[in-house]
1. Using the Cα centre of the stretch 266-361 as the reference point, and only Cβ charges (+1 on K/R, -1 on D/E), how large is the resulting charge dipole? Debye, rounded to the nearest 20.
2. Quick check: pseudo-label points 7 Å beyond the Cα along Cα→Cβ at Lys76 and Glu357, how many nm apart are they?
3. Going by C-beta contacts inside 10 Å, put Ser15, Ser52 in order with the fewest on the left.
4. Shape call for the stretch 19-142 from the C-alpha gyration tensor, a ≥ b ≥ c root eigenvalues: rounded (a/c under 1.5), prolate (a/b greater than b/c) or oblate?
5. Which of the trypsin sites (Lys or Arg not before Pro) across the stretch 144-184 are loop residues per DSSP, with 13 or fewer other Cβ within 10 Å?
6. Compute the angle between helix 122-132 and the longest alpha-carbon principal axis of the chain, please, reported from 0 to 90 degrees and rounded to the nearest 10.
7. Is the stretch 304-393 rounded, prolate or oblate when judged by the Cα gyration tensor, a ≥ b ≥ c being the square roots of its eigenvalues, rounded requiring a/c under 1.5 and prolate requiring a/b larger than b/c?
8. Rounded to whole Å, give me the distance from the Cα center of the stretch 85-159 to that of the stretch 66-81.
Amino acid sequence: MHKAGQKIAAEIRASGVIPFSRFMELALYCPDCGYYEAEADKIGRKGDFFTSVSVGPLFGQLLGFQFARWFQEWAKTCLGPAKIAEAGAHDGTLARDILIYLRQHCPDIFESVEYWIVEPSERRKELQVRLLGDLACKVRWTSNLGSLRDAHPEGFRGVIFANELLDAMPVHRLCWDAKGKQWFEWGVTLQGDRFVWVRPGRARSPSEPSVSPDTPQGSGRLGEAALPSRVLTLLPQLPPALLDVLPDGFSTEVSPAALDWWTHAARILSYGALLTFDYGLTTEEFLLPHRAEGTLRAYRSHRLSPDVLADPGEQDITAHVNFSLLEQAGESAGLRTASFVTQEQFLTGIVKQLWSEASSSQTWNAQLTNQLRTLTDPTGLGRFKVLLQTRLG
């Protein structure tokens, strides 16, 4: 068993059952053995999944163009030095692509820009420094949003953004009990040397994986009445008539971690833009009949894994972001929703603006055309959702 699996198993043996959110946290982010701490690269042709950054430098170039235009507009309000904060920077490729674009096409902005990377992992920071090379002198690192706020007590003025970060934050997996008219949280326990789903404090239903009779249930960290009130508040508030017809076993996910991250970022931003690219849905879309099993998925070698709980630390785990909750949180923090569109629409809009500028020095060729086609493919990466919120007053 992978070291991450051993750590999870030890917690389960101590408590009987753990929430899936804890399983996901350890599997992905355990500092010494989590999936994102592994030496082998997880992104690209030889990894487990592709991102927009994997396609080539165009994604970063387009963001660099857009950020530069925003900075030029905001300069009229005496914004000060341009600042960019990227969270979830992986190996630093996107930061490099953005900075190279600014250096080549917007030297005045590049000269004064402060590029911040929010990175809790020291190993990742080392990879980023190595890949950025001479550009590393333009970058400052901070371990979390709290320390970014501490570095900017007057508030962050610029762009805070993330690319495919929030869909990898831990989620709670919830299920509807039609007979009891209540939601419960799936837990994770051990059956031999396998991790299996279990509803704590209750015998399994025919649709649930089998659990050994000796496996402790309903003990430790997760119990039948232990559904956190915070988690309940993130569930859609459905009218009784709809709850009456919601199928027994209907599953969905909620991510307090993603919502907290967005709320914190929104509060730190005193002027500028907050932006994310991610797989995600609106609250209403989470409730469509074909999503009765939820959106939780695991990937390995670019293939959908048949078992999300298998081999923790060795496969990626993801769940769709609830953009309705993010939008509400940002607006509650005083931001204005500027746009909520697909990546296809967002990037196409940037390209149209770039092409319309006769003075643009961006050289366009067949390679960039192919990259754009991949980035905006409505059946692929173009399906990503892009939420842009601003504070400009």
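Bear in mind these aren't lab numbers, they're just calculated from the coordinates by the rules spelled out. Remember, predicted model here, so these are calculated numbers, not experimental data. Glycine also receives a Cβ, built like all others from the backbone with ideal geometry; neighbour counts cover every protein chain displayed.
1. Values: 7 positive and 12 negative charges, 44 e Å.
Approximately 220 debye in magnitude.
2. Each label point lies 7 Å from its Cα, and together they span 1.6 nm.
3. On the way: Ser15 16, Ser52 25.
Ascending Cβ contact count within 10 Å gives the list Ser15, Ser52.
4. Values: a/c = 2.18, a/b = 1.88, b/c = 1.16.
It is prolate, given that a/c is not under 1.5 and a/b is the larger ratio.
5. Working: sites: Arg149, Arg157, Arg173, Lys179, Lys181; in loops: Lys179, Lys181.
Of the trypsin sites (Lys or Arg not before Pro), the ones in loops of the stretch 144-184 whose Cβ has at most 13 other Cβ atoms within 10 Å are Lys179, Lys181.
6. Computed tilt is about 30 degrees.
7. Values: a/c = 3.03, a/b = 1.22, b/c = 2.48.
The shape class here is oblate.
8. Between the Cα centre of the stretch 85-159 and that of the stretch 66-81, the gap is 18 Å.
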